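**Student:** Sharing a structure with you now.
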Amino acid sequence: MIDNPASIQPINPDPRIFTILVIGTADNIRAHILRQHTLGVAEAGTWSKLIPVPNCPDKFMCVLNRMM
């Protein structure tokens, strides 16, 4: 429970920044990133490294921040 909602910091305080979070298996995330690269949405190297999801074996997450 949060006592003071005013103390919550947004993920991106700049409203022009768009955050994409992908969660899945390592292979599926890599395939998604390559698909986004092929479509011209985002360069493959701009995504974060794969981050293990706590308490979820074989699940990872990857983040991309883009200026809109």
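**Student:** Considering the stretch 34-50 alone, what residues qualify as being of a type in the set (A, V, I, L, M, F, W, C) and over 14 Å from Arg66 (Cα atoms)?
**Tutor:** Selection gives Leu34, Leu39, Leu50.
**Student:** Of everything in the stretch 16-43 that's closer than 22 Å to Asp58 by Cβ and in contact with a helix residue (DSSP H, G or I) (Cβ under 7 Å, 6 or more places away or on another chain), which residue is surrounded by the most Cβ atoms within 10 Å (Cβ to Cβ)?
**Tutor:** Ile33
Since every read-out is calculated from the coordinates, none of them should be taken as a lab result. Everything quoted here is computed from the prediction, not taken from an experiment. Quick reminder, even Gly has a Cβ in these numbers, built from the backbone with ideal geometry, and neighbours come from all protein chains shown.
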